[in-house]
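The numbers here are math on the coordinates, done by the rules we state, and not lab data. In this text the structure is predicted, and so the values were computed from the model without any measurement. Using ideal geometry, Cβ is built from the backbone for each residue, glycine included, and neighbour counts are taken over all protein chains shown.
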Amino acid sequence: MQVIENLKVKEKLYIEKLENGLTIMMIPKKGIQKKYMIWGTHYGSNESSFIVPGEEKVTTVPNGVAHFLEHKLFEQENGTNSLDVLTALGVEANAYTTNDHTAYLFECTDHFYEAMDELMDYVQRPYFTDENVEKEKGIIGQEIMMYDDYPEWKVYLNAMQAMYHNNPVKIDIVGTIETISKIDKEILYKCYHTFYNPSNMAMVLCGDFEPEAMIEEVKKRLVDTKASGEIKREYPEEPEEIVQEKIEQKLEVSRPLYTIGIKDSGKCDIKKHITIEILLNLIIGRSSDLYKELYNDGIIYAGPSLEYEFSNIYAHVLISGQSNEPEKVYQKVKETVKQFKEKGINHEDFERMKKMIYGGYVKEYNDVVDIARMFLADYFKGMNSFDYLEEIKGITVEYLEQILKDVFQEEKMVISIVKN
């Protein structure tokens, strides 16, 4: 078992790779009552074309299969639903699908091993029939229609449509009514057996555990499956330029919503991610001059959400919020970026922001949920979450200014607006 210790947050990460290829990560928290388990597969909505290990031909499936699978795994052959079983135990359970992974999870203070029995059972024993797949299409169809009327989701998705020509990140994770209508049990089983192999999965456990004993508990509950070979994932070519600068949609909202996107075609890593977080906070974070100006003028009402989303096939900056004058916010962001490029970054502001970001990272280690989800998501990106605490030290103003120049390019910026 590999042990990685971080003295800054006084945490240890135990990593064990089993013979079947499953990676188990544990972060023991002595004396903490809450326990958390998350089991994920490196399979999200991006994967609609792939080559199954041992095959030569490309398999192409409809959009929305990863999310459909997530829904279906809860249903058991005996007629029960595992989510109901877990809830009856007094356990908070859920699942989610992103662009690059799907995860099943629960948190509890009691009944941990009974919950673990249930979760590991339903994830490893799929049960699909023609009837239950057809029934699920109606349920997911309603979810799709709900999201179509959900302004916060549409303003985000429209920003993706404005930035990307072909990249699957522009596609709704749940698919469309048309694409899910083409899903059948054979497609679900094929995708399950391809992507739910232990060698394509990772598990994170956080709580008051003894790592060696916990490994044995996991092993006891594993179905005997051999590691598969590499899954070859096929993605369409994506031009560097954006599709269009502005998308506007009318929906019922109390105030207009906006998402400003910046398409990034460069390579992503932890150092770059931290640097973009620092830059975003310097540009329009709560303590920035621009935020104060926009807030005092009544143009924005709260601090915008600031994100840098990335995987191995896409990366973009997002600034989202509410404003009666979203175009003005967009214009002011562009002007501020230009000023920073011309005048450079103030060293004191940089150091202050760096400390603030570092404090935020340290705080995440206080909560078992934050820790586990962070380690899983970073693992599927080929990263170790502890590295954020190390990499931040080496970031300089010079590197910050280089990233500002490389990423925050006006011709790569878009704005999505949803208003009445």
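Structure above, values below:
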read-out: Bridge type composition, the chain - antiparallel percent by DSSP, nearest 5; value: 85
read-out: Column: log10 I(q)/I(0), Debye, Cα scatterers of the range 188-328, q = 0.09, 0.16, 0.17 Å⁻¹; value: -0.54, -1.00, -1.04
read-out: Too-long pairs where the Cα-Cα distance tops 25 Å, listed order kept, from K137/K170; K343/K419; K328/K363; K182/K232; K182/K267; K292/K341; value: K343/K419; K328/K363; K182/K267
read-out: Spatially close lysines, pair count over the range 1-85: Cα under 22 Å, gap of eight or more or interchain; value: 12
read-out: Between the range 310-365 and the range 9-40, the alpha-carbon center distance in angstrom; value: 32
read-out: Convex hull projection area averaged over all views, the range 52-117, Cα basis, nm²; value: 6.4
read-out: Equivalent ellipsoid dimensions for the range 21-89 as semi-axes, Å, which come from the Cα gyration tensor, largest first; value: 31, 20, 11
read-out: Relative contact order (percent, whole number), the chain, Cα cutoff 8 Å, 6+ residue spacing; value: 22
read-out: Alpha-carbon centroid distance for the pair the range 138-153 / the range 61-136, whole angstrom; value: 20
read-out: Over the chain: helical MRE at 222 nm, DSSP H runs n ≥ 4 each giving -39500 (n - 2.57), nearest 500; value: -12500 deg cm²/dmol
read-out: Those aspartates and glutamates that a straight Cα-Cα span of less than 17 Å connects to K219, excepting residues fewer than 8 apart in one chain; value: E16, E19, E114, D117, E118, D121, E210
read-out: Furthest towards positive pole of dipole, P326, N346, I278, structure part the range 267-420, Cβ charges; value: P326
